[in-house]
Amino acid sequence: MVQTLKTHPKSFYGGLLFLAVLLLSNFFIQKMEITGQVPPLLVWATVLDIMIVLPVVLFLFVLRRKPTLSLLAPLWLLGAGFIHWIVPAYAKDHLQYMNVTIILVEAGFILLELFLLVVFIKKLKIWKQHFKASIHTYPHVLSRIHTATQQTFGGFPKLERLIGVITTDAAVIRYAFFPHLDHKPAGAQTFSYHKNSEYFGVFLMLVHAMLIEIIAVHVMLMQYSHTIAWMATVLDLYALVFLIADYQAIRKSPVVIQKTHLHFQKGLRFHMTVPLEKVKAVRWYEGETIPEGRHSFSLMLAGLEKVPPQLEIRLSEAVEGYRLFGFKCKVTKIFLSVDEPQRLFQTLNEVRVVSKKDI
């Protein structure tokens with residue numbers, strides 16, 4: 001069934017209007033001082049508006065998604081920079097508690113990561129054994145990392161999820177600085193999906209924009225708080241390295257048909273393994289719009305224009321897929337575009353027949 005593109009609900013535009021009013025009103029009150037000298041109560045009201053109200057409205061009504069730490073952390077830092085910019089110099093003393101809170105929260109996350117790193121290092125030998133052993137079953141790095149982490153820390157589900165943060169960082173470093181470590185899986189058929197896309201141009205534009213943004217934000221924040229400026233710069237640099245690693249992962253992680261399984265990895269953002277016996281149908285996608293669905297996965301790269309996928313794979317039952325940091329989701333439909341769609345279509349239908357005979 002072809003789904004048409006959804007228009008934004010009224011809450012989206014209402015949320016944007018509310019955020020614009022919130023930012024402008026605080027700007028005029030603090031920076032322009034239209035109500036006169038700024039008292040401490042108004043400073044704290046601005047902190048509440050920018051650090052609490054703004055994220056709540058943004059996620060509930062504009063983005064309409066659950067907040068994640070990867071989005072909240074830079075949002076809070078930008079909010080802190082905005083507050084320091086608009087609050088008059090004579091009223092900045094009232095921001096001391098906010099600055100200390102941000103530093104303490106950041107220090108807490110650093111200590112947590114260090115603790116997890118120590119735990120991970122203690123189990124590193126066992127984890128590496130599981131990681132190396134899984135290469136014959138899982139050709140993609142993210143699936144091998146996930147499997148090794150489950151086998152090493154499977155008895156502690158909460159710890160496994162936290163360790164996923166460390167292993168995600170490890171994947172970023174591996175793809176960004178050591179992409180040559182990955183090779184084409186032996187005895188498998190691979191199908192790249194990046195060569196004929198426009199994503200490389202988008203990637204270059206994003207890198208260029210981020211480089212400018214890192215310098216501009218650092219210079220702006222340095223005028224108000226050296227600590228926040230360097231914290232924002234470190235996060236921006238990590239985001240840049242992540243972007244580069246994600247592109248390398250796209251290049252190094254084609255669609256793989258290996259024995260009785262179909263393997264997907266979309267950069268660093270998503271990975272899943274589908275047993276061929278659970279593939280219900282493979283067909284050409286005939287719609288003219290981009291499909292949407294809660295239990296669908298799209299292996300398509302962003303381009304200058306939105307285009308429909310080439311193929312649709314329907315599963316007989318839901319299969320678990322994994323997003324960043326190991327967050328799970330159920331997938332029943334897969335939409336994809338590859339560099340050789342005809343070969344993938346023929347190969348998938350052939351191996352499905354063979355797989356069903358072997359069951």
Distance-filtered residues of region 32-53 - backbone nitrogen under 15 Å, label point 7 angstrom along Gln223 Cα→Cβ:
32
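Top to bottom by accessible area (1.4 Å), largest first, where do Tyr247, Tyr90 land? Provide the component values of the computation, followed by the final result.
Values: Tyr247 35, Tyr90 100 Å².
My answer, sorted largest first, is Tyr90, Tyr247.
Please give the per residue volume of the convex hull enclosing the alpha carbon atoms of region 103-153, rounded to a whole number of Å³. Can you show the working numbers first?
On the way: hull volume 3.6 nm³, N = 51.
For region 103-153, the hull spanned by Cα atoms encloses 71 Å³ per residue.
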Once Trp127, Trp230 are ranked on solvent-accessible area with the largest value leading and a 1.4 Å probe, the list reads Trp230, Trp127
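Over region 91-245, give the accessible area per residue in Å² for a 1.4 Å probe, as an integer.
59 Å²
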Taking region 205-338, the lysine pairs whose C-alpha atoms sit under 25 Å apart (8 or more places apart or on different chains) add up to 24
Please calculate the 1.4 Å probe accessible area of Glu33, with all protein chains present, and give it to the nearest 10 Å².
70 Å²
For the chain, what is the mean residue ellipticity at 222 nm derived from helices alone (per DSSP H run of n ≥ 4: -39500 (n - 2.57); sum divided by total residues; nearest 500 deg cm²/dmol)?
-17500 deg cm²/dmol
So what's the angle, to the nearest 10 degrees on a 0 to 90 scale, between helix 199-222 and the longest Cα principal axis of the chain?
20 degrees
Mean shadow area (nm²) of the C-alpha convex hull around region 238-339 is 7.1 nm²
Compute the distance in nm between two label points, each set 7 Å from the Cα along the Cα-to-Cβ direction, one at Ala209 and one at Lys132.
4.3 nm
Normalise the Cα radius of gyration of the chain by 2.2 N^0.38 Å (N = residues in it) and let me know the number.
1.15
For His130, what accessible surface area do you get with a 1.4 Å probe? Give it in Å², rounded to 10.
50 Å²
First compute the accessible area of the chain with a 1.4 Å probe, then give the percent of it belonging to carbon and sulfur atoms.
66 percent
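Which three semi-axes in whole Å describe the equivalent ellipsoid of region 26-131, each the square root of 5 times a Cα gyration tensor eigenvalue, listed largest first?
On the way: eigenvalues 295, 62, 14 Å².
Equivalent ellipsoid of region 26-131: 38, 18, 8 Å, largest first.
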To the nearest 10 square angstrom, what accessible area does Thr347 show with a 1.4 Å probe?
10 Å²
Projecting each Cα onto the charge dipole of region 75-148 (Lys/Arg +1, Asp/Glu -1 at the beta carbon, about the Cα centre), which of His130, Ala89, Leu104 comes out farthest on the positive side?
His130
Expressed in angstrom and ordered largest first, the alpha-carbon extents of region 24-70 along the principal axes are 39, 17, 15
On a 1.4 Å probe surface of the protein chains, which of Met272, Met51 comes out largest in accessible area, and what is the full order?
Met51, Met272
Going by alpha carbons, how many degrees (0 to 90, nearest 10) lie between the helix axis of 141-153 and the longest principal axis of the chain?
80 degrees
Nothing charged except the Cβ atoms of Lys and Arg (+1) and of Asp and Glu (-1): what's the magnitude of the dipole of the chain about its Cα centre? Round to the nearest 20 debye.
1400 debye
FRET efficiency for Lys328 and Leu60 from the Cβ-Cβ distance with R0 = 22 Å, rounded to 0.05, comes out at 0.45
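The values are calculated or read from the model by the stated rules, or taken from the named source; none is laboratory data. Since we're looking at a predicted model, the values are computed, not measured. For neighbour counting, all protein chains shown are included, and Cβ atoms are generated from backbone atoms with ideal geometry for every residue, glycine included. All accessible areas refer to the heavy atoms of the entire protein, side chains included, with ligands and DNA or RNA removed. Shrake-Rupley method; radii C 1.70, N 1.55, O 1.52, S 1.80 Å.
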